[in-house]
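Just below is one structure, and these are the notes that go with it.
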Amino acid sequence: MSSAGTTARILSGGPVADQVLAEVAEAVLALRAAGVTPALATVLVGDDDASAGYIRIKQRQAAELGFVSPHVHLPASASQADLHAVLEDLNSDKDVHGVLVQYPIPGHLDYDRALQVLDPDKDVDGMHPVNMGRLALGLPGPLPCTPAGIEALLAFHGVPVAGREVVILGRGATLGRPLAMLLAQKRPTANAAVTVVHTGVADWPRYTRRAEILVAAAGVPGIIQPEHVRPGAVVVGGGVRYEGRRLLPDVDESCAEVAGAITPRVGGVGPTTVAMLFRNAVRAAQGAAGLG
Ligand SMILES: NC(=O)c1ccc[n+]([C@@H]2O[C@H](COP(=O)([O-])OP(=O)(O)OC[C@H]3O[C@@H](n4cnc5c(N)ncnc54)[C@H](OP(=O)(O)O)[C@@H]3O)[C@@H](O)[C@H]2O)c1
């Protein structure tokens, strides 16, 4: 690891995603050879251009990997009951293995309530309360994609995690909280001493400055500055905020002058998150086919 004042090693997510997706494509081939066509259904509510674009990208990627991806498009005026009915249909469809509900959904709908209707085994985001419970208990199940992607990213780049001090800024349900559970698990690529800090810890820099691995998961642009980073530490930027299409990361670029290794502004955690979604999808198909 480099020391302070030198340029940090860049922890790109692209090669990690490529490796995971190659494994997914191989597993899809094996499933097809066994007569199972893996299906990842997508659900879009409303006509938001960005959401429709994200769904198209995921459908294209699903097709490239050999999935079929039946799509349901509900109008922006759809009710909570309409959305639940779609999810119940997909739950009972034996040919559908994974379901992705594109977030955000229109403001009058409750995403968390809808998520609870989904069959936990088809929850490719790994965010269903049952899957959070499985994670907490160390039981098998789909893992939340961003945390799982961060573990894979660190492992791929040979960053030792076991026995090291990891500090996560943010305890949100998508990232900080599940990542803390994941990296504290008893496995060679985890097994860390994990501390989570948040707005309740006024002096959070006291913790981040001692972190060997610092994960930003706050969604507050530029909240992590060089003075919050231990020289030579590994810095993972998970938190981002979008202003229109502009991505504003938690980690200020100048942290690269202090860190030993750091995720890039673009192409770090994002690609690994998407790869984990497909890994969850293929595992769901394997599980349903009894081939897991
Ligand atoms: N890169 C990706 O692919 C990807 C994927 C998913 C999510 N994300 C990003 O990850 C971030 C976290 O998402 P989330 O849903 O897990 O979290 P969240 O619900 O947005 O919560 C943010 C967390 O950060 C803490 N926080 C916010 N401002 C703070 C401050 N000034 N000082 C200290 N702590 C502060 C909050 O503390 P309190 O709990 O005390 O309020 C909270 O725990 C978001 O930016 C999201 O966009 C990225």
Identify, by number, the condition in (1) within 11 Å of the ligand (Cβ to nearest atom); (2) more than 18 Å from residue 10 (Cβ to Cβ); (3) not β-branched (Val, Ile, Thr) that residue 291 doesn't meet. (1)
Among 86, 99, 166, which is the only one that is in a strand (DSSP E or B) and more than 24 Å from residue 218 (Cα to Cα)? 99
Please enumerate the residues belonging to region 28-53 that are out of contact with any Leu (no Cβ under 9 Å at 6 or more places or on another chain) and either of a type in the set (A, V, I, L, M) or touching a residue at least 40 places away in the same chain (Cβ under 8 Å) (or both). 29, 33, 39, 48, 50
Looking only at region 166-183, which residues are in contact with a strand residue (DSSP E or B) (Cβ under 7 Å, 6 or more places away or on another chain) and more than 13 Å from residue 197 (Cα to Cα)? 183
From the options 174, 199, residue that is crowded, with 16+ Cβ neighbours inside 10 Å and within 10 Å of the ligand (Cβ to nearest atom): 174
Kindly evaluate residue 268 against the criterion of being of a type in the set (Gly, Ala, Ser) and either open to solvent by 40 Å² or more (accessible area, probe 1.4 Å) or more than 20 Å from the chain's Cα centre (by Cα) (or both). no
Among what's in region 211-237 and is more than 16 Å from the ligand (Cβ to nearest atom), touching a strand residue (DSSP E or B) at 6+ places or on another chain (Cβ under 7 Å) and free of Cβ contacts under 8 Å to residues at least 60 places away in the same chain, pick the residue that is nearest to residue 144 (Cα to Cα). 213
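The rows are residues; the columns are (1) crowded, with 24+ Cβ neighbours inside 10 Å; (2) within 16 Å of the chain's Cα centre (by Cα); (3) assigned to a loop (DSSP other than H, G, I, E, B).
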| site | (1), (2), (3) |
| --- | --- |
| 230 | no, no, yes |
| 264 | no, no, yes |
| 280 | yes, yes, no |
| 284 | yes, no, no |
If I ask for residues that are under 15 Å from residue 218 (Cβ atoms) and either hydrophobic (A, V, I, L, M, F, W, C) or within 8 Å of the ligand (Cβ to nearest atom) (or both), which ones from region 238-272 would you list? 238, 239, 240, 241, 242, 247, 248, 250, 251, 255, 269
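The values are calculated or read from the model by the stated rules, or taken from the named source; none is laboratory data. Fair warning: this is a prediction, and the values are worked out from it, not measured in the lab. Virtual Cβ from ideal backbone geometry, glycine too; neighbours counted across all protein chains shown. Heavy atoms of the whole protein, side chains included, go into the accessibility calculation; ligands, DNA and RNA do not. Shrake-Rupley method; radii C 1.70, N 1.55, O 1.52, S 1.80 Å.
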